[in-house]
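Enquirer: Before I ask anything, let me first share the structure, which is written out below as structure tokens.
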Amino acid sequence: MTHSPTPTYYQWSEQPISFSRADHWCDFDSPGQYPLVVSPIVRSSILHKTLIDGGSGLNILFKNTLPGLGINVEDLEESNKPFYGLIPGRGSQPLGHITMPVTFGDEHNYRSKYIRFEVADIDCSYNAIIGRLALAKFMAILHTRTWCSRCRRQMASSPSEETSKSRTSATRRH
């Protein structure tokens, strides 16, 4: 393996990510014990109750979420990626997969990326799970003490440069 003398940097990698006291929005008795739940925009809908799972290799959308996004099961593409860990002791075969734009941020600073979701026919209190591969696309970092996340800052000069027309803030809840 040969290395190039000039490194290739990721887009926006020159932008720092930092956390401060302003991010300490409440006091947890047991830091890291609560899940990070956000509300990104998926397609053109705010998708409340989206779990961030930095350990998951998949992004999962649950079947009961499809109608709210205007998606029918027939719209899914075939998937051959069984996954494990959602139901203890057994694997699950997804109904299919779909790739959709996901937006985090607010109207002044937001990022949109196309994310592939495997669709699971499992009852769950969340609408979706976003895993580490999607977090890497956003160049996001999770802070488990304050349970908030940061992406490298990028300002779009026009909404046409992004994949979603409407934008809103991702929220954090426990």
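The values are calculated or read from the model by the stated rules, or taken from the named source; none is laboratory data. Since this is a predicted model, take the numbers as computed values, not measurements. Glycine also receives a Cβ, built like all others from the backbone with ideal geometry; neighbour counts cover every protein chain displayed.
Enquirer: Can you tell me which residue in region 77-111 is surrounded by the most Cβ atoms within 10 Å (Cβ to Cβ), limited to those that are under 23 Å from residue 135 (Cβ atoms), of a type in the set (A, V, I, L, M) and modelled with pLDDT of 75 or more?
Expert: It comes out as 102.
Enquirer: So which of 115, 122, 141, 130 is surrounded by 20 or more Cβ atoms within 10 Å (Cβ to Cβ), at pLDDT 65 or above, in contact with a Lys or Arg (Cβ under 9 Å, 6 or more places away or on another chain) and of a type in the set (A, V, I, L, M, F, W, C)?
Expert: Numbers: 122 fails: surrounded by 20 or more Cβ atoms within 10 Å (Cβ to Cβ); 141 fails: surrounded by 20 or more Cβ atoms within 10 Å (Cβ to Cβ); 130 fails: in contact with a Lys or Arg (Cβ under 9 Å, 6 or more places away or on another chain).
Going through 115, 122, 141, 130 in turn, just one is surrounded by 20 or more Cβ atoms within 10 Å (Cβ to Cβ), at pLDDT 65 or above, in contact with a Lys or Arg (Cβ under 9 Å, 6 or more places away or on another chain) and of a type in the set (A, V, I, L, M, F, W, C): 115.
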